[in-house]
Amino acid sequence: MAHLKKICIVATVPVALRAFMLEHVNKLAETHSITLMANGTEADVVGMLGENVRFLPLPIERQVSLLSDLKSLIALYRIFSKEKFDCVLSIMPKSGLLSMLAGFFARTPVRVHIFTGQVWFTKQGIARIGLKNLDRLLSFCATSLLADSPSQREFLVSQRVVSPSKISVLGQGSISGVDVARFKPSAQLRRDIRESLGIPEADVVYLFMARLTHVKGVPELGQAFRALAANLPNAHLLVVGPDEDGLDGRLKELMVPFGNRYHRIGYTQVPESYMAAADVFCIPSYREGFSLATIQAAGVGLPAIASRIYGLTDAVKEGVTGIFHRAGSVGELSAAILKFYSDEAMRKRMSKAAELRAHKDFSQAFIVQEMYSYITSLLNKAR
């Protein structure tokens, strides 16, 4: 392994490595030595380890803590200085800032961060200015940057967070692309999940699949469905994901008029199963990077109802693979829900278009090759 280029991939939590970097690690490990770092243990990334892949635990907290963050920065600097990595690649805001700072001081030749959405986008006042300046500091310390969608790249450039020459996008967007062998229509999965939930085959199922948080627009989604309950006798809302903001009680209360047509599932490791059982994907977020879940759902044949924000405007093609609404507008969200319910021909047309676009423009094999070529090119230039 001594002759291989040394790449360190850093995330705040191991789940980000598994969700977004698994295929990239497998490809990069063919010709490079990979070190994974996150706040966890080897058991958290067991499926990612191999001959050229190892794991180092990193004491780093998701929440801001000046003392803890300073300790993490010093730990990273010491590791980078000792290991002499050729490249540091980071994902997630906290690990990105600390990794780029530590890499800058340790003089790591190639320092790359992947932007997946800005925390400060929905903030106001001092909080927005402070967090935005931290992203500027991160960008200054990096040698190269990636955005997970063209519209996010444009936003960061327009906000003067990064210079245009420093930031790129892989293909048409996303971090890891869609595994088209996994995310595709399945009549069998559709029958199985619908039977288990007591949903008739002909009924229309709207799927929300994400963390339950205010920023994902969960309360507004509940309000929109509640307002339409009497007009949608054959519609179902299927909500899948962990509740991170204590919203389950409020959502259940909002959905009382929907009765047994509201279905709640927690965290799942088989998202494709619930996608296969649905007809329309709902993502009414206030803040989003390039939404991989939206493209995965498209691969299964689900058109989307999405808020018109950067990131989602790349994941959904207006009037072709979905309908947009203003973030926070319950009225526009309700109108989009009703449109998909009443216009079956449109629903089927957009379903086919979504599947074709996901498999053609966002296949995982293409994005993984793009990342490999990008990192290898940077390493060759640094040489």
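Would region 170-191 turn up any residue that is at pLDDT below 95, open to solvent by 30 Å² or more (accessible area, probe 1.4 Å), among the hydrophobic types (A, V, I, L, M, F, W, C) and in a helix (DSSP H, G or I)? No, region 170-191 has no match at all.
Might you let me know whether region 68-79 holds any residue that is among the aliphatic types (A, V, I, L, M), open to solvent by 80 Å² or more (accessible area, probe 1.4 Å) and in a helix (DSSP H, G or I)? Yes, region 68-79 has at least one match. One residue stands out in region 219-233 among those that are open to solvent by less than 70 Å² (accessible area, probe 1.4 Å) and without any contact (Cβ under 8 Å) to a residue 60 or more places away in the chain: the one that is nearest to the chain's Cα centre (by Cα), namely Pro219. Kindly check whether there is at least one residue in region 308-324 that is among the hydrophobic types (A, V, I, L, M, F, W, C) and touching a Pro at 6+ places or on another chain (Cβ under 7 Å). There is no residue in region 308-324 that is among the hydrophobic types (A, V, I, L, M, F, W, C) and touching a Pro at 6+ places or on another chain (Cβ under 7 Å). Checking each residue in region 233-271 for being aliphatic (A, V, I, L, M), touching a Ser or Thr at 6+ places or on another chain (Cβ under 9 Å) and more than 21 Å from Ala19 (Cα to Cα) picks out only Leu247. Identify, please: which residue in region 202-217 is within 18 Å of Ile295 (Cβ to Cβ) and assigned to a loop (DSSP other than H, G, I, E, B) and is, among those, most open to solvent (accessible area, probe 1.4 Å)? Per the criteria, the residue is Arg211.
On the stretch given as region 292-351, residues that are within 28 Å of Ala16 (Cβ to Cβ), open to solvent by less than 20 Å² (accessible area, probe 1.4 Å) and over 18 Å from the mean Cα position of the chain (by Cα) total 3. Filter region 27-52 for residues that are assigned to a helix (DSSP H, G or I) and touching a residue at least 40 places away in the same chain (Cβ under 8 Å); which is surrounded by the most Cβ atoms within 10 Å (Cβ to Cβ)? Per the criteria, the residue is Leu28. Sort out which residues of region 99-129 are under 17 Å from Met37 (Cα atoms) and open to solvent by 10 Å² or more (accessible area, probe 1.4 Å), and write them in order of number. Answer for region 99-129, where residues must be under 17 Å from Met37 (Cα atoms) and open to solvent by 10 Å² or more (accessible area, probe 1.4 Å): Leu101, Ala106, Arg111.
Of note, Ile199 satisfies the criterion of being open to solvent by less than 30 Å² (accessible area, probe 1.4 Å), of a type in the set (A, V, I, L, M) and assigned to a loop (DSSP other than H, G, I, E, B).
Residues in region 1-14 that are among the aliphatic types (A, V, I, L, M), modelled with pLDDT of 90 or more and farther than 11 Å from Ser95 by Cβ: Ile7 alone.
Set side by side, the residues Ala277, Ala365 differ, and just one is modelled with pLDDT under 95 and more than 28 Å from Pro93 (Cβ to Cβ), which is Ala365. Among residues of region 307-336 that are in contact (Cβ under 8 Å) with a residue 24 or more places away in the chain and under 15 Å from Ser151 (Cα atoms), those with a Cβ under 7 angstrom from a residue that is among the polar types (S, T, N, Q) and part of a helix (DSSP H, G or I), sequence gap 6+ or separate chain, pair up as Tyr310/Ser151; Tyr310/Gln152; Gly311/Ser151; Gly311/Gln152; Leu312/Thr294; Thr313/Ser151; Asp314/Ser151; Ala315/Thr294.
Which of (1) within 27 Å of Ser342 (Cβ to Cβ); (2) in contact with a strand residue (DSSP E or B) (Cβ under 6 Å, 6 or more places away or on another chain); (3) β-branched (Val, Ile, Thr) is the odd one out, the single condition Val169 does not satisfy? Of (1) within 27 Å of Ser342 (Cβ to Cβ); (2) in contact with a strand residue (DSSP E or B) (Cβ under 6 Å, 6 or more places away or on another chain); (3) β-branched (Val, Ile, Thr), only one is false for Val169: (1).
Find the residue count for region 130-160, including only residues that are in a helix (DSSP H, G or I), charged (D, E, K, R) and either open to solvent by less than 10 Å² (accessible area, probe 1.4 Å) or under 22 Å from Phe362 (Cα atoms) (or both).
So the count comes out to 2.
For the residues Phe55, Phe20, the requirement of being in a helix (DSSP H, G or I), surrounded by 15 or more Cβ atoms within 10 Å (Cβ to Cβ) and either of a type outside the set (S, T, N, Q) or on the phi > 0 side of the Ramachandran plot (or both) singles out Phe20.
The values are calculated or read from the model by the stated rules, or taken from the named source; none is laboratory data. From a predicted model like this one, the values you see are computed outputs, not experimental measurements. Cβ coordinates were reconstructed from backbone atoms using ideal geometry, including for glycine residues, and neighbour counts include every protein chain displayed. Just the protein is used for accessible areas: all its heavy atoms, side chains included, with ligands, DNA and RNA removed. Shrake-Rupley method; radii C 1.70, N 1.55, O 1.52, S 1.80 Å.
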